Amino acid sequence: MRIIQVGVGGFGTSWRLALTTTPGVEVIALVDIDREKLAEARGFFGVSAPQCFADDGLPWEELEADAVVHSTPQNFRHAHVTRALRAGKHVLAVKPMSDRWETGLDMAGQATRANRALVISQQMRWHPLILKLREFVQSGALGQIGYVHIDFFYGFGGYMGSCPQRYPLLIQGSIHHFDLLRWIVGSDIRSVWACNFNPPWIGEPDIRAGYVLLELANGVKACYRSVPTRKDHCSWLCEWRIEGTAGLAEVRRDRVYLNGEEVLSTWGDGEPLSNRRLSELQKVVFDQFLQYVGGGAEPGISGRNNLNSLETCFGAIDAGESGRRYELTTCQR
């Protein structure tokens, strides 16, 4: 498979393990407006100068390639993915799927009409801590789930995202956590209500805190709380409490407990669970992408299947601004 990578610095470097260790994969072109990052990536992958684009206006999508790996901020996603799909390329993009609900919906529709794979990298689904919580729920070890509580206490300045936006927490941060809730419980989100705000120590106009109530299609109720704090931050994995008729699962300080007994604290090789090991998780996502492109089943992280997570973010914005519960249009199960 011949790959064009768009956005090669920062988070884009997390794809390097997958792109260089997967048999049959070749990076044939690079696109990034940051010339220093582009030059560094060119040296890493050994791509020729004519195949490196520092000007986004150039027709990089017309190169002979099979797929685009897209890792720029989400405000460029719709335009770039549209170009790639229209040029007949499959697309693997980082989350969030887009900076607006309407453009995310359009991207998924374009992929279907073009008969091309669109996959969104919700890589944290395969972190061992998250997989253990999913195992507890899906195996029935907790019985019938009564509720889920999720806490995400970020640093004192709050989550700011990678580009100017009104709701950086919900769009770039909480998208992970809403998607993980769906994955763990095994059900789409049906409705959302939210109170979005800034505590007095946040002087910026963008909103970096929120209390969100969610109802899933299977009837499970969930509460998501995210507030900037001085100390006792949570990692991206959050603090969890999932209680059912037969047991209680908890995550505290990146350690997993079942009915009060610790059951998981490392990756298995002694590495703390707080280490996200993004490159390894991205390789899992990349493998799923390749299977999908090769005719395999549509994964839960396809563009179409990821719409419920994306709509939850924008539904929480709508609910917070309107004061009314938002009913999702993408709830399927």
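Kindly evaluate GLU262 against the criterion of being over 19 Å from ARG134 (Cβ atoms), surrounded by fewer than 17 Cβ atoms within 10 Å (Cβ to Cβ), of a type in the set (Asp, Glu) and touching a Lys or Arg at 6+ places or on another chain (Cβ under 8 Å). Walk me through it before giving the result.
Values: over 19 Å from ARG134 (Cβ atoms): no; surrounded by fewer than 17 Cβ atoms within 10 Å (Cβ to Cβ): yes; of a type in the set (Asp, Glu): yes; touching a Lys or Arg at 6+ places or on another chain (Cβ under 8 Å): yes.
Here the answer is no, as GLU262 does not meet what is asked.
Return yes or no: is VAL119 buried (at least 17 other Cβ atoms within 10 Å of the Cβ), part of a strand (DSSP E or B) and of a type in the set (A, V, I, L, M, F, W, C)?
Considered against the rule, which asks whether it is buried (at least 17 other Cβ atoms within 10 Å of the Cβ), part of a strand (DSSP E or B) and of a type in the set (A, V, I, L, M, F, W, C), VAL119 comes out as yes.
Return the residues of region 1-43 that are assigned to a loop (DSSP other than H, G, I, E, B) and acidic (Asp, Glu); say none if nothing qualifies. So that I can check it myself, show each step before the final result.
Kept after step one, since they are assigned to a loop (DSSP other than H, G, I, E, B), are these residues of region 1-43: 1, 7-9, 22-25, 32-34.
Those that are assigned to a loop (DSSP other than H, G, I, E, B) and acidic (Asp, Glu): ASP32, ASP34.
Report whether or not HIS78 is under 20 Å from GLY161 (Cα atoms) and of a type outside the set (A, V, I, L, M, F, W, C).
Criteria met by HIS78.
Name every residue in region 284-320 that is within 14 Å of the chain's Cα centre (by Cα) and free of Cβ contacts under 8 Å to residues at least 40 places away in the same chain, in order of residue number.
Across region 284-320, the qualifying residue is only ASN305.
Please state which one of LEU237, LEU310, LEU281 is within 30 Å of TYR167 (Cα to Cα) and in contact with a Pro (Cβ under 9 Å, 6 or more places away or on another chain). Talk me through it step by step, then tell me what you get.
Numbers: LEU237 fails: in contact with a Pro (Cβ under 9 Å, 6 or more places away or on another chain); LEU281 fails: in contact with a Pro (Cβ under 9 Å, 6 or more places away or on another chain).
Checking each option against the conditions leaves just LEU310.
Any residue at all in region 93-107 that is more than 20 Å from the chain's Cα centre (by Cα), farther than 23 Å from LYS283 by Cα and surrounded by fewer than 22 Cβ atoms within 10 Å (Cβ to Cβ)?
no
Having 1 or more residues that are of a type in the set (S, T, N, Q) is the bar; report the strands (runs of 3 or more DSSP E) wholly within region 169-256 that clear it.
By residue number, 189-197, 221-228.
Which of the residues belonging to region 126-167 are at pLDDT 95 or above, part of a loop (DSSP other than H, G, I, E, B) and buried (at least 19 other Cβ atoms within 10 Å of the Cβ)?
Those that are at pLDDT 95 or above, part of a loop (DSSP other than H, G, I, E, B) and buried (at least 19 other Cβ atoms within 10 Å of the Cβ): HIS127, LEU142, TYR167.
Of these, ALA41, ALA87, ALA65, which one is free of Cβ contacts under 8 Å to residues at least 60 places away in the same chain, small (Gly, Ala, Ser) and crowded, with 19+ Cβ neighbours inside 10 Å?
ALA41
The values are calculated or read from the model by the stated rules, or taken from the named source; none is laboratory data. For clarity, every value in this text was computed on a predicted model and none was experimentally measured. Positions of Cβ are backbone-derived with ideal geometry, glycine not excepted, and every protein chain shown enters the neighbour counts.
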